[in-house]
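Report on one structure; see the data block that follows.
The values are calculated or read from the model by the stated rules, or taken from the named source; none is laboratory data. These numbers come from a predicted model, not from an experiment. Cβ placement follows ideal geometry from the backbone for every residue including glycine, while neighbour counts extend to all protein chains displayed. Accessible surface is based on the protein model in full, side chains and every heavy atom, while ligands, DNA and RNA are left aside. Shrake-Rupley method; radii C 1.70, N 1.55, O 1.52, S 1.80 Å.
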Amino acid sequence: MLARAARGTGALLLRGLNILIPLLDRIRYVQSLKEIVINVPEQSAVTLDNVTLQIDGVLYLRIMDPYKASYGVEDPEYAVTQLAQTTMRSELGKLSLDRVFRERESLNASIVDAINQAADCWGIRCLRYEIKDIHVPPRVKESMQMQVEAERRKRATVLESEGTRESAINVAEGKKQAQILASEAEKAEQINQAAGEASAVLAKAKAKAEAIRILAAALTQHNGDAAASLTVAEQYVSAFSKLAKDSNTILLPSNPGDVTSMVAQAMGVYGALTKAPMPGAQDSVSSGSSRDDQGTDASLDEELDRFKLS
């Protein structure tokens, strides 16, 4: 779509039939109403932190009022290009180098707003502005590269330390759980062992009590003393056979082969323990048994003398 401005009358010729007065009217300006793309030449700009940049861009605009574009400014494209360059330098001076790379979208929007405010009286509207390339000095570029590498090394170190920390935490947590489980297992084992030992002691006590009860009943029967004598003799022989197995030091009686005397002595001890003293017969018992006690004491003294000599 084209719009023509006629010189002389200042009229705007639109599409369709237009009548021009010869020698008075002629077509002076032809404006395209399509979107126009203009390359903004590369220019130098200084950032807030005093870094010189070489930057260029692309400007997209459209003529909204052909009359203002024709008679409001001599060269609208040149005017908009210069405005874009000056606005770019002004906006870059407000930002540091790091923010220039991070805020390119906001920078483009700021340039578009600044151009539209100035070009409104020219009948031109800026649709968008795009930064093409940003060139930094070689030394600054090397510094930026070193900064990027340092940042990456820092991130790698932090990630590695976090991995080491998580690994140590996991190992410690595993050890803690293992110790807790081991202690619980040991506790349960001790409880079970104590319960088993208690049950075993109770069973042994019951068995021993039952055995004593049966033995007491057997001793009251006929020939109970003979059975007890036989049991004592068997235990004596069994104990005598195990003397040399438990220790190197052996204490032997004077007559180890005389089983009969040992049995008689054991049965005498048993009889003395089981014999119940009568209330009125204490004197007679003591007088009657004094000689036996003297004989027994004499025999015990002889046995002790023999053991000392051996």
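Roughly what would the spin-label model give for K176 and R128, points 7 Å off Cα along C-beta, in nm?
According to this spin-label approximation, the distance is 5.5 nm.
By accessible area of protein heavy atoms, probe 1.4 Å, what ranking do Y60, Y78, Y67 get, highest first?
Heavy-atom accessible area, descending, gives Y78, Y67, Y60.
With all protein chains present and a 1.4 Å probe, how do Y29, Y71 order by accessible area, largest first?
The residues order as Y71, Y29, largest area first.
Accessible area of L181, 1.4 Å probe, to the nearest 10 Å²?
Rounded to the nearest 10, the figure is 110 Å².
Through the Karplus equation 6.51 cos²θ - 1.76 cosθ + 1.60, θ set to phi - 60°, convert the phi angles of segment 50-64 into ³J(HN,Hα) values in whole Hz; use x for Gly and Pro.
6, 10, 7, 10, 10, 9, 9, x, 10, 10, 10, 9, 8, 7, 8
Which one, L181, A150, G123, projects farthest toward the positive side of the charge dipole computed for segment 81-190 from Cβ point charges (K/R +1, D/E -1)?
It is G123.
At a Förster distance of 51 Å, what's the computed FRET efficiency of I169 paired with N116, Cβ-Cβ distance as r, to 0.05?
Here the calculated transfer efficiency is 0.35.
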